[in-house]
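Quick note: the coordinates plus some simple rules give every number you see, no bench work behind them. It should be emphasised that the depicted structure is a prediction, and the values quoted were computed from it without experimental measurement. Every residue, glycine among them, receives a Cβ derived from its backbone with ideal geometry; neighbour counts consider all protein chains shown.
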């Protein structure tokens, strides 16, 4: 694994912010998920609230030890979406 692909901030008042991942494997590299903007193509475990808001509170995709690989694989899609949003 890329040594820069894993980071923990155990001094954060919210650490760990999600359950279901062992403390040793909890990755804080993406504190805020960069895949959120991809909607249904994010690859995570989300739900849509009645108000139409995407709720990712039960998703741990970006906090898993190997999350960097998944996010890196989606980066070209993120860039593509951002270019579309500029038009």
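In 10 Å bins starting at zero, report the fraction of Cα pairs in segment 6-58 per bin as a rounded %.
In order of increasing distance, the bins hold 22, 47, 28, 4 percent.
For 81, 86, 47, what ranking results if the residue with the fewest other Cβ atoms within 10 Å of its Cβ goes first?
86, 47, 81
Can you tell me the length gained on complete extension of the stretch residue 5 to residue 22, counting 0.36 nm per residue apart and subtracting the Cα distance?
The span from residue 5 to residue 22 would gain 4.4 nm if fully extended.
Going by how many other Cβ atoms sit within 10 Å of their own, how do 30, 14, 7 line up, fewest first? Don't jump to the answer; show the numbers that get you there.
Numbers: 30 16, 14 9, 7 12.
With the sparsest Cβ surroundings first, the list reads 14, 7, 30.
Taking a temperature of 10 °C and a viscosity of 1.306 mPa s, what whole-number D in µm²/s does Stokes-Einstein yield for segment 37-87 with Rh from Kirkwood over alpha carbon pairs? Walk me through the numbers on the way to the answer.
Values: Rh = 12.2 Å.
The diffusion coefficient I find is 131 µm²/s.
Starting from 0.36 nm per residue, how many nanometres of slack lie between residue 49 and residue 86 once their C-alpha separation is accounted for?
Once the chain is fully extended between residue 49 and residue 86, it gains 10.6 nm.
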